[in-house]
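Below you'll find the structure, written out as C-alpha cells, and then a few comments.
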Amino acid sequence: MKQIWKAALAGCMLLFICGCWDVKNIQYFNFINMIGVDYVDGKYRIYAQINELSSMAKQEGGPAAPNPVVVGKGEGVSIELAMYDLRKESQMRTDWTQNKVFFFTDRLLEKGIFDIHDELMRTRDQRYTPWVFATNEDLAKVFSTKPITGTSPVNTMYFQPNLLYKQMQSSFKPVSYQSFVRSSSELYETSLLDHVGLSENWDKDGKPITLPIVNGLIALRNGKSQARFGREEVSGVKWLNEKTSRGILPLRGDKGTYYGTVTVKDNKLKKKPVYKNGKRTVELYLSLDAVLREQKLPLELKQANALIKKNIEDEITQTYENGKKRAVDIYSLNEVWYRKGLAVDNDIPGLQLHVNVKLMGTNMFELRERRSEDGHRN
C-alpha cells in the first residue's frame, strides 16, 4: 500500500514540475533581421530592420498580403549606448538572435571594425554566421528595399547572397562575419568585402523600384579599409579564388575586337614565393577548364586557347596593378611569404603568372569557320 501512495505522490509532483514554464509568446517580441552600423560626427548610429512574422511566412491561397518593413535607428557614443537608444522606442522587447546580416558603412570601416567588434558581439544573442556587406548608401534606404516579387522581405540579396553567387558565377564571393573577422585579424591578409549600392534599373507596375547590387569590393587591412574598387577594377579576383565554380569571360583581341564568350571553371591554384632579380615575388600557377558559350567571329582551337589565356592574364594583372596603385595587396601576396616563415615587409611582392587553359567540348561548340550568306566559307 505504501508503494501505491508513493507512486501517486510522485505522479502529483511531476504534474507540477512539467511543462514549459519559461515559454515566451513571440508576438510580444521585435525580431531583428538586419543590423547596420554607421559612424557620424563622433557617434555611432545603429540601424535595425524589423519584419512582421506574418510577412515572413508562406501564404497559401488568397491575395498576397503587404510586406511592411520597419527600420529603427539609435545613436550613441558607443555601440551599447546606440543599441540602448534603439530599444527605448521599440515598444516591445527586442530580440537580436534572428539577425542574418551586418551592414557597415564606409565611414565606419575607415575607423576600424575592431573598435566595435567586442561591444557588438558581447551579447550572447549575436552570432558569427550573418553575411557582411559594406555600403556608402543611406542605411535607412538600404534596409527599406523590398523583393521584386513575393511577400517576404527576406527574399532579397541580403539574406541569401550565396544563391545569387552560384547563378552569377563570376560575382564576388559573399563573406560571413566569422570569415570577415578571421581574415581581418591576419597580419598580412587583405580582406575583401562586397560593397553594395542601390539601383533603379528595374520597374514594377511602370514605376522604378530600388534594388541592391554588389557594385564592387572594399579592401581592408587589420580591420580598417584601405580602398574601394568598382567591379571592373577587380575582375581578376574571381580567377584566383579556388572556390569559383564557374566564371564568365568575354573574349577580346588586342584591338578590342569581341570574339565571343567562354565559361571558365575548375580553377586550381598553387602559390610559390621566390626571389626574382633580388625582389620578392609570388609565382601563381593557375589551371582552368573553359567551354565556349558564344562565338561571334571565326576561331581556331589554338587561337581560342591563346585568347582565353591572354584575357585571363590581363584581368589578373590589371587587378593587381589597380591594387598596387592604391598600396593594396589585393591578392594577399605577402600572406604567401608570411605563411612560409619568410621575411615580409610592407612592400607588395611582384607577380608572375603561369596560366594553363584547356578548352573543353570543342566538338559540341564547333570551333569552325563561319559560312557566308551564300553558303561559302569565309
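The values are calculated or read from the model by the stated rules, or taken from the named source; none is laboratory data. Just so you know, these numbers come straight off a predicted model, no measurement behind them. Backbone-built Cβ (ideal geometry, glycine too); neighbour counts: all protein chains shown.
Answer yes or no as to whether G260 is surrounded by 14 or more Cβ atoms within 10 Å (Cβ to Cβ) and touching a strand residue (DSSP E or B) at 6+ places or on another chain (Cβ under 6 Å).
Details: surrounded by 14 or more Cβ atoms within 10 Å (Cβ to Cβ): yes; touching a strand residue (DSSP E or B) at 6+ places or on another chain (Cβ under 6 Å): yes.
The answer is yes for G260.
Hey, does region 113-122 have a residue that's buried (at least 16 other Cβ atoms within 10 Å of the Cβ), among the hydrophobic types (A, V, I, L, M, F, W, C) and under 29 Å from T244 (Cα atoms)?
The answer is yes, given that some residue of region 113-122 is buried (at least 16 other Cβ atoms within 10 Å of the Cβ), among the hydrophobic types (A, V, I, L, M, F, W, C) and under 29 Å from T244 (Cα atoms).
Got a sec? Which of T190, T149, T156 is among the polar types (S, T, N, Q), surrounded by fewer than 19 Cβ atoms within 10 Å (Cβ to Cβ) and not assigned by TED's automatic domain parsing to the domain that holds T261? First the steps, then the outcome.
Numbers: T190 fails: surrounded by fewer than 19 Cβ atoms within 10 Å (Cβ to Cβ); T156 fails: surrounded by fewer than 19 Cβ atoms within 10 Å (Cβ to Cβ).
Exactly one residue qualifies, and that residue is T149.
For the structure I just gave you, tell me whether T151 is touching a Ser or Thr at 6+ places or on another chain (Cβ under 7 Å), within 28 Å of F229 (Cβ to Cβ) and either assigned to a loop (DSSP other than H, G, I, E, B) or modelled with pLDDT under 85 (or both).
Values: touching a Ser or Thr at 6+ places or on another chain (Cβ under 7 Å): yes; within 28 Å of F229 (Cβ to Cβ): no; either assigned to a loop (DSSP other than H, G, I, E, B) or modelled with pLDDT under 85 (or both): yes.
So T151 does not fit the description; no.
Kindly indicate which of F143, F159, F133 is closer than 18 Å to I218 by Cα, under 24 Å from the mean Cα position of the chain (by Cα) and hydrophobic (A, V, I, L, M, F, W, C). Break it down into steps so the answer makes sense when it comes.
Working: F143 fails: closer than 18 Å to I218 by Cα; F159 fails: closer than 18 Å to I218 by Cα.
Within the list F143, F159, F133, the selection yields F133.
Of all helices (runs of 4 or more DSSP H) completely enclosed by region 96-146, which ones contain at least 2 residues that are among the basic types (K, R) and under 20 Å from Y39 (Cα atoms)? Spell out the reasoning first.
On the way: elements: 106-111, 117-121, 139-143.
Filter on region 96-146 gives 106-111.
Look through region 298-326, keep the residues that are in contact (Cβ under 8 Å) with a residue 40 or more places away in the chain and loosely packed, with under 13 Cβ neighbours inside 10 Å, and return whichever of them is nearest to L220 (Cα to Cα).
If we take residues in region 298-326 being in contact (Cβ under 8 Å) with a residue 40 or more places away in the chain and loosely packed, with under 13 Cβ neighbours inside 10 Å, then L301 is nearest to L220 (Cα to Cα).
Quick grid of which residues meet (1) at pLDDT 90 or above; (2) assigned to a helix (DSSP H, G or I):
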{"residue": "P212", "(1), (2)": "yes, no"}
{"residue": "N215", "(1), (2)": "yes, no"}
{"residue": "L220", "(1), (2)": "yes, no"}
{"residue": "E233", "(1), (2)": "yes, yes"}
{"residue": "G236", "(1), (2)": "yes, yes"}
{"residue": "G247", "(1), (2)": "no, no"}
{"residue": "L251", "(1), (2)": "yes, no"}
{"residue": "G256", "(1), (2)": "no, no"}
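Among the residues of region 73-89, write down those that are of a type in the set (S, T, Y) and assigned to a loop (DSSP other than H, G, I, E, B).
Looking only at region 73-89, we keep the residues that are of a type in the set (S, T, Y), and these are 78, 84.
The one that is of a type in the set (S, T, Y) and assigned to a loop (DSSP other than H, G, I, E, B): S78.
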